[in-house]
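A.B. asks: I'd like to ask you about the structure that follows.
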Amino acid sequence: MVGIDQLIVSTNIARYEATKKIDIDYLGELSYSAIPPLVELYQENPEIFGLKTMLSKKREQILEQDSSWQSYNLSRKKAKKALKDF
């Protein structure tokens, strides 16, 4: 099983490293599984325009969501952990 969003983020990060171009708006629309590698990208490259704003919005969204056991989502938990100290 392949995490398509993680693959998309990895490919975009590799392209960023080669060209210094990245589509933050598109990456911001991906699932929770995209968040941890994007937080790592921000930690390594805080100058990327729009990345901090997008991650801040994601953090707010995650904190506002239902955290009951019925709505448990492992990817959301990992994203929330990655954004905890953001």
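A.B. asks: Residue by residue through region 19-46, note down the ones that are farther than 15 Å from Ser75 by Cβ, hydrophobic (A, V, I, L, M, F, W, C) and not in a helix (DSSP H, G or I).
C.D. replies: Within region 19-46, just Ile22 meets the criteria.
A.B. asks: Of all residues in region 65-86, which are of a type outside the set (Phe, Trp, Tyr), within 21 Å of Leu51 (Cβ to Cβ) and open to solvent by less than 70 Å² (accessible area, probe 1.4 Å)?
C.D. replies: Passing the criteria: Ser75, Arg76, Ala79, Ala82, Leu83.
A.B. asks: Which of the residues spanning region 18-49 are charged (D, E, K, R), within 21 Å of Gly3 (Cβ to Cβ) and open to solvent by 80 Å² or more (accessible area, probe 1.4 Å)?
C.D. replies: Asp25, Glu29, Glu40, Glu44
A.B. asks: Can you tell me which residue among Lys52, Lys57 is open to solvent by 90 Å² or more (accessible area, probe 1.4 Å), in a helix (DSSP H, G or I) and in contact with a Phe, Trp or Tyr (Cβ under 8 Å, 6 or more places away or on another chain)?
C.D. replies: Lys52
The values are calculated or read from the model by the stated rules, or taken from the named source; none is laboratory data. All of these numbers come straight from a predicted model, not from anything done at the bench. Cβ: placed from backbone, ideal geometry, glycine included. Neighbour counts: every protein chain shown. Surface accessibility is based on the protein's heavy atoms, side chains included, excluding ligands, DNA and RNA. Shrake-Rupley method; radii C 1.70, N 1.55, O 1.52, S 1.80 Å.
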